[in-house]
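Working notes, structure below.
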Amino acid sequence: MTLPALKTYPAVEVDWDALSDAAADLRTESKNTRESMEDATSSWRGFRTCYRHDGTQDVVWTGLDTLAPHAEDWASALSSAKDAVDDFVTTGRPLQSERESLDRAEPALSSRRSAALSSEDEAEVEEVRSDIVAFNERATALQTDWDNAQETFEAAIGAIALGTTDGLPTVTAARDADTDVLDWAGMTSELDERFGEIDPKSIWRDLRGLSEDELRDWLEANPEAARALPENDFPGDPVPGSAEDIMAEAMADGAQLSEEGVAGIRDAWLGLEDHERERLMLLFPGVIGNLNGIPLATRGQTNHVTVAGLREQTAERLAEHRDNRPQHAPGNAYERRQWEDEEKRLETVLDGLGQAWAAYGEPHFPRDKTETPGYSTVFVSTDGLGQIATMRGEPSADTQRAVTFVPGTNTTIASVDHYNDALNAMDGDDADGTVSIYWQGTPLPQDLVRDNATPHYNEEGAPLLAAFDHAADLEMASDRHRDVPTTYVGHSAGGSLLGTAEREGLDSTNIVYVAPAGNGHEVSSPEDTENEYAYRYLIQTNDDPISWAQALGGGAQSGSFWEGSNPVQQMGAVRLESGLQDDGSIMEGHTDYFERGSTSARNIEGVVYGEDVSPYLEPEIHTYPGSSQPVITYPLEQDLEHYRQHGIPQVPVGSLHDAD
């Protein structure tokens, strides 16, 4: 007694949902192709009014005529491919269900067949035979239908003859060596040179969806286009209800300088759709990149464009300035000095912008701590000698601490690498948990005596620093179970600027005065600041000449002309040891506090991380019979070798405030 074998059938296994999604993408791209061609054609018509040249104007005016039918063919090809995929999905999905049904039936039927072959029951054998015949018919039908479905799909795709490059002129632009993809950045660069002044509204679309590396390539290849973007401002009369209108309303009346206004700007920004935010970032980078309330990471991304554009603008202005110098130099000494001062100013600004541009391509926390770190720019201006604020790391749920450094006299935009090196020496090794900010968002004194004799720089910069702090605090506190501890470090004139900003509303967990010019204008006690309970520290060498300014600097840097500044006595600061430099020598003077490996840099790191610090080694005062003057000795000077060998004593930073 015999029975037919079970037939095999095709293993139909396809991700039909993925194919359906792909078909939807084809439909979208078909629509985008038509719309992009319509936009390009509309823009190209502008050449008929703005481009006039007897020999070439007809060629230019009709430049897109060759492309238009090909674009329509490509859109039609995408649409046809979408229809073919949809048909394949419609046909194939039930076939896979049939295969799954056969999979479920086969084991039991195979078992029944084996049992029937060993049985003498003819009725049972015939019943199994009937079921096997039905199964095999289904298997055969599945094989036939699956073959037909694949052949039909292949034929439908093969029949799409539109959308080829036949008839289009050959493009000779460079291609990527690995992918053979055209270098679009280089191609658009040639257009910049050929068609002159660029309207930002016509180029921001080129930047949509680019990765950081792709954006950088585009900016390098298109300096003229990059130049046009930073100076593009919001329209004076935006369309009601548009993203520009929403942001303009949030920014009105100097909102970015008040705590409430900054919060309103942030809410307005986060309320926009993703595509609206991207458009504003690319179309108005000079506005968005500097605006308090915009997330700092977004500002850093946006200012990649701003820095590139300002660098190009400044290089152009410097070249023009040098070209306009009379052959025999300016006439009198005053005119000559003015010309030379402007040349030096432009050189300084260009130097700083060059550093900021290069930093975008470097790691923020390099493994080799002797390397200058990369950073993103969260504020930039070319006014005067330039202003800049930078950030290393980004606020996130993993952020454990934030440190902001405010520099002092003689700082310009060209100091940005130097002071990021300083930050790198005192912000530790926790790249994921630390946000490090360098803030020089205001002009700083350039003449040690003249510029520090009045409170002008403190009063001009303090509201700006306080407003920046409001913006940063929103990110360090929002969506968290706890606020992130923050530390502000102010050096020299930056110390008094920091104190004045505290008076204006800056609120920080820790304040570190590093040889400050003073407590801050009209600041005599913690009660004069936003956070009177902040933990305050002073680091200063015993011979730092800033002590004269603290004692005699008058009211420009302190509470009043009569009292001077003493952060320990007036502000309750705990003095920490400036100690030794990395080579074991005693730290002296005013400029080396941030040297890598020094006691002072390690002490600042201890404050930032809440770890061990070295308190100040108090001097010893000796009086001798017959002498009217006491003799003051300093422990480090008296026993330097001991401290070199055994280190300067440390205590947990928290223990310095336990009594509080």
**Item:** Sites matching trypsin sites (Lys or Arg not before Pro) across the stretch 453-535 that sit in DSSP coil, with at most 10 neighbouring C-beta atoms within 10 Å
**Value:** ARG482
**Request:** May I ask which residue of LEU640, ALA68, ALA248 lies farthest towards the positive end of the charge dipole of the chain, with charges of +1 (Lys, Arg) and -1 (Asp, Glu) on Cβ and the Cα centre as origin?
**Result:** LEU640
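Once you mark the chymotrypsin sites (Phe, Trp or Tyr not before Pro) that are in a DSSP loop and have at most 16 other Cβ atoms within 10 Å, what is the longest gap between them in the chain?
Within the chain, the longest run free of exposed chymotrypsin sites (Phe, Trp or Tyr not before Pro) spans 52-532.
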**Prompt:** Long-range amide H contacts for ARG536: which residues qualify at under 5 Å (H placed 1.01 Å from N, peptide plane, sequence gap of 5 or more or a different chain)?
**Reply:** ILE511, VAL574
**Prompt:** Using θ = phi - 60° and the Karplus curve 6.51 cos²θ - 1.76 cosθ + 1.60, what whole-Hz ³J(HN,Hα) does each residue of the stretch 579-587 get, with Gly and Pro shown as x?
**Reply:** x, 10, 7, 4, 7, x, 7, 6, 5
**Request:** Report the charge-dipole magnitude of the stretch 412-561 in Debye, nearest 20, computed about the Cα centre from +1 at each Lys and Arg Cβ and -1 at each Asp and Glu Cβ.
**Result:** 340 debye
**Item:** Long-range amide H partners of GLU611 with built H, under 5 Å
**Value:** VAL653
**Complete:** To the nearest 0.05, the calculated FRET efficiency linking THR28 and ARG129 through their beta-carbon distance, R0 being 56 Å, is 0.55
**Asked** Which number comes out as Rg/Rh for the stretch 579-657 once both Rg and the Kirkwood Rh are worked out on C-alpha atoms?
**Response** 1.06
**Request:** Rank GLN143, LEU109, LEU219 by how far each Cα sits towards the positive end of the charge dipole of the chain (+1 on Lys, Arg Cβ; -1 on Asp, Glu Cβ) and give me just the farthest.
**Result:** LEU219
**Asked** Roughly how many Å² is the accessible area per residue of the stretch 398-440, as a whole number, for a 1.4 Å probe?
**Response** 24 Å²
**Asked** Any idea what diffusion coefficient the chain gets from Stokes-Einstein, in µm²/s, Kirkwood Rh on alpha carbon pairs, 20 °C, 1.002 mPa s?
**Response** 70 µm²/s
**Prompt:** Among the DSSP beta bridges whose two residues both lie in the chain, what percent are antiparallel, rounded to the nearest 5?
**Reply:** 45 percent
**Asked** Between the stretch 435-455 and the stretch 105-170, what is the C-alpha centre distance in whole Å?
**Response** 81 Å
**Anchor LYS201: aspartates and glutamates whose Cα lies under 15 Å away (excluding residues fewer than 8 positions away in-chain)** = ASP39, ASP192, GLU224, GLU231, ASP233, GLU244, GLU276, GLU278
**Prompt:** In nanometres, what is the gap between the two model label sites at ASP368 and THR91, each 7 Å from Cα along Cα-to-Cβ?
**Reply:** 6.2 nm
**Complete:** For the chain, the dipole about the Cα centre with charges only on Cβ (Lys and Arg +1, Asp and Glu -1), to the nearest 20 debye, works out at 1160 debye
**Asked** Roughly how many debye, to the nearest 20, is the charge dipole of the stretch 3-123 about its Cα centre, given +1 on each Lys and Arg Cβ, -1 on each Asp and Glu Cβ, and no other charges?
**Response** 220 debye
**Message:** With the crude spin-label approximation of a point 7 Å out along Cα→Cβ, what separation in nm comes out for SER119 versus ALA11?
**Reply:** 3.2 nm
**Message:** Normalised radius of gyration for the stretch 252-328, please: alpha carbon Rg relative to 2.2 N^0.38 Å, two decimal places.
**Reply:** 1.50
**Request:** State the dimensionless ratio Rg/Rh of the stretch 195-272 (Rg: radius of gyration of Cα atoms; Rh: Kirkwood radius).
**Result:** 1.06
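What's the carbon and sulfur percent of the chain's accessible surface, probe 1.4 angstrom, rounded to a whole number?
Carbon and sulfur atoms account for 48 percent of the accessible area of the chain.
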**Asked** Along the charge dipole of the chain, which of PRO407, PRO455, THR33 sits closest to the positive end, that is, farthest toward it, with unit charges on the beta carbon of Lys, Arg, Asp and Glu (+1, +1, -1, -1)?
**Response** PRO455
**Message:** Please report, in whole Å³, the volume per residue of the convex hull around the C-alpha atoms of the stretch 374-490.
**Reply:** 100 Å³
**Asked** Counting only heavy atoms of protein chains, what accessible area per residue, in Å², does the stretch 477-611 have with a probe of 1.4 Å?
**Response** 38 Å²
**Asked** With the radius of gyration and the Kirkwood radius both derived from the Cα set of the stretch 1-93, what is their ratio Rg to Rh?
**Response** 1.42
**Item:** All aspartates and glutamates inside 18 Å of LYS82 as judged from Cα atoms, apart from same-chain residues fewer than 8 positions distant
**Value:** ASP15, ASP17, ASP21, ASP25, GLU29, GLU35, GLU72, ASP73, GLU151, GLU154
**Request:** Could you go through the stretch 71-79 in sequence order and give the Karplus-derived ³J(HN,Hα) for each residue, using 6.51 cos²θ - 1.76 cosθ + 1.60 with θ = phi - 60°, rounded to whole Hz, and x for Gly and Pro?
**Result:** 5, 5, 4, 5, 4, 5, 5, 4, 5
**Prompt:** Tell me, what HN-Hα J-couplings in whole Hz come from the Karplus equation 6.51 cos²θ - 1.76 cosθ + 1.60 at θ = phi - 60° for each residue of the stretch 596-613, using x for Gly and Pro?
**Reply:** 4, x, 6, 4, 5, 5, 5, 5, 4, 4, x, 5, 4, 9, x, 10, 6, 9
**Item:** Near-label residues of the stretch 1-42 by backbone N, under 19 Å of a point 7 Å along Cα→Cβ of THR164
**Value:** none
**Request:** Determine, from the Cβ-Cβ distance of GLU563 and GLN446 and an R0 of 30 Å, the FRET efficiency 1/(1 + (r/R0)^6), rounded to the nearest 0.05.
**Result:** 0.65
**Request:** List the residues whose amide H sits under 5 Å from the amide H of VAL378, counting only those 5 or more places along or on another chain, with H placed 1.01 Å from N in the peptide plane.
**Result:** ALA389, THR390, MET391
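The values are calculated or read from the model by the stated rules, or taken from the named source; none is laboratory data. Predicted model only: the values in this text are computed from it and were never measured. As a convention, Cβ positions derive from the backbone with ideal geometry for all residues, glycine included, and neighbour counts pool all protein chains shown. Surface accessibility is based on the protein's heavy atoms, side chains included, excluding ligands, DNA and RNA. Shrake-Rupley method; radii C 1.70, N 1.55, O 1.52, S 1.80 Å.
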